[in-house]
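Enquirer: Quick one: structure below, then a few questions.
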Amino acid sequence: EPEVTQTPSHQVTQMGQEVILRCVPISNHLYFYWYRQILGQKVEFLVSFYNNEISEKSEIFDDQFSVERPDGSNFTLKIRSTKLEDSAMYFCASSDGRGPTTVTVKQETQYFGPGTRLLVL
Amino acid sequence: GNSVTQMEGPVTLSEEAFLTINCTYTATGYPSLFWYVQYPGEGLQLLLKATKADDKGSNKGFEATYRKETTSFHLEKGSVQVSDSAVYFCALRIGGADGLTFGKGTHLIIQP
């Protein structure tokens with residue numbers, strides 16, 4: 001069964017450094033997402049990406065963050081100048097994105113990867 | 001705003017016990033409701049969903065009914081197994097929005 005993969009599984013970085021989290025969505029999916037979960041808190045939506053541009057972003061997704069689809073298979077989340085409070089589990093997800101209408105596209109199931117645990121020291 | 005509240009864990013049950021994990025929501029529109037499950041070392045997997053009031057989602061012996069009058073989507077299973085041990089997340093999605101709004105997750109532990 002196709003699945004979303006994420007690398008690395010764990011990342012430790014120093015405050016102020018840049019990190020890039022990588023995701024390989026399900027191969028024929030067109031809609032991609034990033035979520036994060038700070039320890040003990042809720043899973044929070046960060047951003048969605050469709051047709052090579054950001055579709056929607058939350059208040060969390062500020063100028064510190066960026067996303068990119070650098071090639072036909074990878075989807076990345078870059079965090080510039082990391083802060084202690086960026087420590088969290090980051091989940092990538094993808095959905096089909098080829099529904100006949102915008103409504104049906106937005107009702108499609110999102111398939112999640114196993115996550116990257118980021119620790120900022 | 002939109003929010004999901006689910007019971008805090010861990011919830012510990014014996015094998016073959018009846019399971020209920022409560023989930024209530026607040027939404028500015030008419031949401032679709034979901035239960036996701038996360039097994040150790042894996043990503044969140046969709047367990048079941050319901051898109052309108054009184055719909056019942058079901059999968060793998062789990063059920064949840066969309067109750068608009070009580071704004072709830074409680075997860076139930078009649079007889080749990082050790083393999084059901086996982087973290088369960090209740091979530092909603094407002095039509096037209098991309099992002100899911102999740103609850104904090106409930107860690108379920110089933111003892112043999």
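The values are calculated or read from the model by the stated rules, or taken from the named source; none is laboratory data. Here the structure is a predicted model, which means the values were calculated and not measured. Methodologically, a virtual Cβ is constructed for each residue, glycine included, from the backbone with ideal geometry; neighbour enumeration extends over all protein chains shown. We work out accessible area using only protein heavy atoms, side chains counted, and drop any ligands, DNA or RNA first. Shrake-Rupley method; radii C 1.70, N 1.55, O 1.52, S 1.80 Å.
Enquirer: Checking the cross-link filter: which lysines have an alpha carbon closer than 30 Å to that of B:LYS52, excluding same-chain neighbours under 8 positions apart?
Expert: A:LYS42, A:LYS57, A:LYS106, B:LYS60, B:LYS68, B:LYS77, B:LYS104
Enquirer: What number, rounded to the nearest 500 deg cm²/dmol, is the helix-based mean residue ellipticity at 222 nm of the protein assembly as shown, given -39500 (n - 2.57) per DSSP H run of at least four residues and division by all its residues? Numbers along the way, then the final one.
Expert: Details: 1 runs with 5 residues, N = 233.
It comes out at -500 deg cm²/dmol, rounded to the nearest 500.
Enquirer: Moving to a separate point now. Please work out the ratio of the alpha-carbon Rg of chain B to 2.2 N^0.38 Å and round it to two decimals.
Expert: 1.01
Enquirer: Using the Karplus curve 6.51 cos²θ - 1.76 cosθ + 1.60 with θ = phi - 60°, work out ³J(HN,Hα) for each residue of the range B:88-95 in order, rounded to whole Hz, and write x for Gly and Pro.
Expert: 10, 10, 8, 8, 9, 9, 7, x
Enquirer: Could you tell me the relative contact order of the range B:38-100? Use alpha-carbon pairs under 8 Å, at least six residues apart, and round to a whole percent.
Expert: 24 percent.
Enquirer: Using the alpha carbons of chain A, what is the convex hull volume per residue in cubic angstrom, as a whole number? Write out the running numbers ahead of the final one.
Expert: Values: hull volume 12.8 nm³, N = 121.
Taking only Cα atoms, chain A has a hull volume of 106 Å³ per residue.
Enquirer: Across the residues of B:38-47, average count of Cβ atoms on other protein chains within 10 Å?
Expert: Across B:38-47, the average partner-chain Cβ count within 10 Å equals 5.
Enquirer: Just to be sure I understand: if you take the accessible area of chain A alone plus chain B alone and subtract the pair, with a 1.4 Å probe, what total do you get in Å², rounded to 100?
Expert: 1700 Å²
Enquirer: Treat every Asp and Glu Cβ in the range A:19-104 as -1 and every Lys and Arg Cβ as +1, leave all other atoms uncharged, and give the resulting dipole magnitude about the Cα centre to the nearest 20 debye.
Expert: Dipole about the Cα centre, nearest 20: 200 debye.
Enquirer: While we're looking at this one, here's another question. Counting only other chains, what is the mean number of Cβ atoms within 10 angstrom of the Cβ of each residue in peptide A:76-88?
Expert: Whole-number average of other-chain Cβ neighbours for A:76-88 is 0.
Enquirer: So the label point goes 7 Å from the Cα of A:GLN17 along Cα→C-beta, right? Which residues of the range A:77-104 then have their backbone N under 16 Å from it?
Expert: Only A:78-88 pass the distance filter.
Enquirer: What is the dipole size for the protein assembly as shown, taken about its Cα centre, with +1 at each Lys and Arg Cβ and -1 at each Asp and Glu Cβ, in debye to the nearest 20?
Expert: Values: 20 positive and 26 negative charges, 34 e Å.
My answer is approximately 160 debye.
Enquirer: Tabulate in residue order the Karplus-calculated ³J(HN,Hα) for the range A:83-95, using 6.51 cos²θ - 1.76 cosθ + 1.60 with θ = phi - 60°, rounded to whole Hz; enter x for Gly and Pro.
Expert: Running phi through 6.51 cos²θ - 1.76 cosθ + 1.60 with θ = phi - 60° gives 10, 4, 6, 7, 4, 5, 8, 10, 10, 9, 9, 9, 9 Hz.
Enquirer: Given +1 on the Cβ of Lys and Arg, -1 on the Cβ of Asp and Glu, and no further charges, what dipole in debye does the range B:61-112 carry about its Cα centre, rounded to the nearest 20?
Expert: Result for the range B:61-112 is approximately 100 debye, rounded to the nearest 20.
Enquirer: Can you tell which of A:ASN74, A:ALA88, A:SER27 lies farthest toward the positive end of the dipole of chain A, using +1 and -1 charges on the Cβ of basic and acidic side chains (Lys, Arg; Asp, Glu)?
Expert: A:ALA88
Enquirer: Which ³J(HN,Hα) values in Hz, rounded to whole numbers, follow from the phi angles of the range A:59-64 under the Karplus curve 6.51 cos²θ - 1.76 cosθ + 1.60, where θ = phi - 60° and Gly and Pro get x?
Expert: Using θ = phi - 60°, the values come out as 5, 5, 7, 9, 5, 6 Hz.
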